[in-house]
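Just so it is clear, none of the values below were taken in a lab; they were calculated from the coordinates. Everything numeric here is computed off the predicted structure, so don't read it as measured data. No Cβ is skipped: glycine too gets one built from the backbone with ideal geometry, and neighbour counts run over all protein chains shown.
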Amino acid sequence: MSATPSPIGALAPEGGALIARPKSAGKGRKVPVSQRVTRIAILAIVLGYLILPLLAMLEFSTRGDVDPVTKQATRSLQSYAAIFSYPNLVDGIVASLQIAVLTVVGMLLLLVPTMVWTVVRVPRMRRVVEFLCLLPLAIPAIVIVVGIAPIYRWMGQSLGAVGGSPLTLAFIDIILVLPYSYRAIDAGLRAIDTATLSDAARSLGAGWPRTILQVIVPNIRGGILSASVLAIALVLGEFTISSLLSFNTVQVVIYLLGKRDPFVSVAVSLAALVFAFVLLFVISRFAPGADRRAQQTAEEPA
Amino acid sequence: MTDTPASMPAPSSSATAGPAPRGAGQGRFKGAGNYLALIPFHAYVGLFLILPTLFVVVGAFSDGSGQFTLDNFRTMFTTDVFIESFVKSLQLAAITALLGAVFGSLLAWAVVRGDPQGLLRQLVIAASGVLAQFGGVMLAFAFLATFGFNGLITVIMKNSFGIRLDMSWLYSMTGLAIVYTYFQIPLMVIVFLPSLDGLRQEWYDASASLGGGAWSFWRNVGGPILAPSFLGALLLLFTNAFSAYATAQALISQGCVLITQQIACQMSSEVVLGQENVGKAMAFGMIVIVSGVMAVYALVQRRASRWVK
């Protein structure tokens, strides 16, 4: 399901490279020439394979009409401009963005208090919460759809417009993002002494809402940011569930449009990939512990 | 809990400790009250994850009127197209997991050997995150733009070399394998890179100071240490490909080739009377396979974490 984005990487040690921070590797050592050559060859071949289809997307989506005079193919951005001439596509983008916002808010409301609580008050439940958060990895999205379709059919029939809205997808997406978000927030909570912080806040008279909002949250904002960005990326790429429940999210519209106007479909796809890339690249600089690690590395004797 | 911060003050670390300074007036019920705060989370997961899964499991063992039956499994195991879908999905998952693991670990190694704060590393990790986990539909379109009937390579070969390539392989199992490998490699990078980071410089140096070259290092030190992580990553990649639906659907929209597509077909089309729940039986089969692989993964991971911390 990386196809539909599977959160499977989140099961890797420390939540995978997206969440784990680099250990300080030895720098300034001599690298044998043979190793350097091997390294460059691997980079060239594997990165080449990964980059070629992206370049093809760029080329494909910028094709213009054939020039009537020179008979040469021209370049144009008309496929990108045409995105806005498909109301379904615009609606799909808007719906997906709204679902993403709802998913992030719901995920944070569900996870942050629960996780803080398990750390501070009921540590023995930490394993249980972790297990439940990682459980979606063992249950493929297609299976969740099969099981949840009756619930959605019921919601659509008995809850009127609200029940039939694509925004209800946020309920399932919150489940799908749990493994990612859990790992990211967990990394944030591990980087601080949550128990002492909350004891300090409580002994100064803060209630739980205030302790969490004004003391804990500001200290784990890196983890919260990672969790939110991963959730947004996952929601914007989600296809399996929205397609089978017949909701027109952006991926479903891209898929349907692909049969009619592949140029516009490829243009939107590339734009979405670039958007997600920028998001992830930005969090790689703000991820939990990023500053601390950098400091640590700097302080280490050479 | 080994992961409880060591500096945690004793009273707050145990829910069952006697009257603590805070929570005055709750007395001995404090412990139970602590658990009540977890109810919203459990209720939510129960409603939107456990309940749907139970529907699938119960449905797999029920007939159209809700009576217990094993007929769904009998149908599943005796219908050629269903068995074929399972086999194709398993083959595709195995092949692309292997290809992705090999090339992904090579790429991860090449990245790790570079500057840990460098641009290359950050670019590759962010790009891997996007390609591995963002959107299968879009990746299918990327390959259509490359090798499709109007794709970049097809057009270049035709215009520049006059060669008309037969690109119909893209819409077959071969095409699926190539596109799947495209997202398996980045996933391998994400999963495997932290383990490679855990290889300490001292181990290279120790091996080198004893006269070991690159080959002997990987054969005697690096290989054995990374083997469990590699195997674990391989299993993750396998379940990832096995559960995938979007890419296959975008590339081969006609027909129900893979098991995920087969389940989708069962969901969306009119099914034969008496076979209403065969799709649930197949979904149950997927749960069994994926959870089984994940259980092995958990065992392997425990071993992997011995050295790579």
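Springs between alpha-carbon pairs under 10 angstrom, Gaussian network model over chain B: which of B:S291, B:S85, B:S229 fluctuates most?
B:S291
For every other residue with a beta carbon closer than 15 angstrom to the beta carbon of B:Q67, add +1 if it is Lys or Arg and -1 if Asp or Glu, then tell me the sum.
Once all neighbours under 15 Å are counted, the net charge is -1.
Which cysteines does the protein assembly as shown leave without a neighbouring Cys Cβ under 4.7 Å?
When partners are defined as cysteine Cβ atoms under 4.7 Å apart, the protein assembly as shown leaves A:C133 without one.
Output the peptides B:157-168, B:53-64, A:82-93 sorted from most to least packed, where packing is the average of other Cβ atoms within 10 Å over each peptide's residues.
B:53-64, A:82-93, B:157-168
Hey, got the average number of other protein chain Cβ atoms within 10 angstrom for residues in A:149-155?
2
Take peptide B:183-195, look around each residue's Cβ out to 10 angstrom, count Cβ atoms belonging to other protein chains, and average those counts.
6
Output the relative contact order of the range B:79-237, whole-number percent, from Cα pairs under 8 angstrom with separation of 6+ residues.
35
Taking the Cβ of each residue in B:F103, B:F134, B:F73, B:F238 as the centre, tally the other Cβ atoms inside 10 Å and list the residues starting with the fewest.
If I rank by nearby Cβ atoms, fewest first, I get B:F73, B:F103, B:F238, B:F134.
Let me make sure I get this right: for the protein assembly as shown, a, b and c are the square roots of the gyration tensor eigenvalues over alpha carbons, sorted descending. Under 1.5 in a/c it's rounded, otherwise prolate if a/b > b/c, else oblate. Which is it?
Oblate is the answer for the protein assembly as shown, as a/c is 1.5 or above yet b/c matches or exceeds a/b.
For the protein assembly as shown, what does -39500 (n - 2.57) per DSSP helix run (n ≥ 4), summed and divided by total residues, give at 222 nm, in deg cm²/dmol to the nearest 500?
Roughly -21500 deg cm²/dmol at 222 nm, from the helical runs in the protein assembly as shown.
Residues with beta-carbon under 14 Å from that of B:L258, excluding B:L258: net charge, scoring Lys, Arg +1 and Asp, Glu -1?
0
Arranged from highest to lowest average of other beta-carbon atoms within 10 Å per residue, in what order do the peptides A:191-197, B:92-98, B:38-44 appear?
So the peptides A:191-197, B:92-98, B:38-44, ranked by packing, come out B:92-98, A:191-197, B:38-44.
Along Cα→Cβ, 7 Å out, is where each label goes; now give me the distance between the ones at B:N159 and A:S34 in nm to one decimal.
4.5
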